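Just so it is clear, none of the values below were taken in a lab; they were calculated from the coordinates. Remember, predicted model here, so these are calculated numbers, not experimental data. Cβ placement follows ideal geometry from the backbone for every residue including glycine, while neighbour counts extend to all protein chains displayed.
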Amino acid sequence: MASKINTLRQIIAELRQALPNDSLKDSLALRYILSQFRKYKTTSEQLCKAREEMEFMANTYLCYLRSSRMQQEIHNEFHGKGERSVRETANLVGFKLPHDPK
């Protein structure tokens, strides 16, 4: 049960980062996710294929949200910003110029 709550908390945290200016109380995505978690709420004693499918879908959605955020961060960092100097380009890829102190 703790892993399901942890997954839900992580999804909510990712939604907060994806929608920084919007209120999550009004978010249709959050309402839907919470309704699905409530719908498939079961005790640990029950064996339920739908519950296992719900856990899989929740983890898949969490992975999607994280990957989308990380892709956007990488895009923003490395997106072309016009001409860069040789020093900026070397720093961007982790190299040092020959006249830089090591």
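For the stretch 2-93, max minus min Cα coordinate along each principal axis, in Å, sorted largest first?
62, 28, 17
Place a point 7 Å from the Cα of Leu28 along the Cα-to-Cβ direction; which residues of the stretch 59-85 have their backbone N under 20 Å from it?
In the stretch 59-85, the label zone of Leu28 (backbone N under 20 Å from the point 7 Å along Cα→Cβ) covers 61-62, 65.
Rank Glu73, Glu14, Glu55 by mean-square fluctuation in a GNM of the chain with C-alpha springs under 10 angstrom and give only the top-ranked residue.
Of Glu73, Glu14, Glu55, the Gaussian network model singles out Glu73 as fluctuating most.
Note down the magnitude of the dipole of the chain about its Cα centre, charges +1 on Lys and Arg C-beta and -1 on Asp and Glu C-beta and zero elsewhere, to the nearest 20 debye.
For the chain, the charge dipole is close to 240 debye.
Rank the residues Thr89, Thr7 as a footprinting-exposure proxy: fewest other Cβ atoms within 10 Å of their Cβ go first.
Thr89, Thr7
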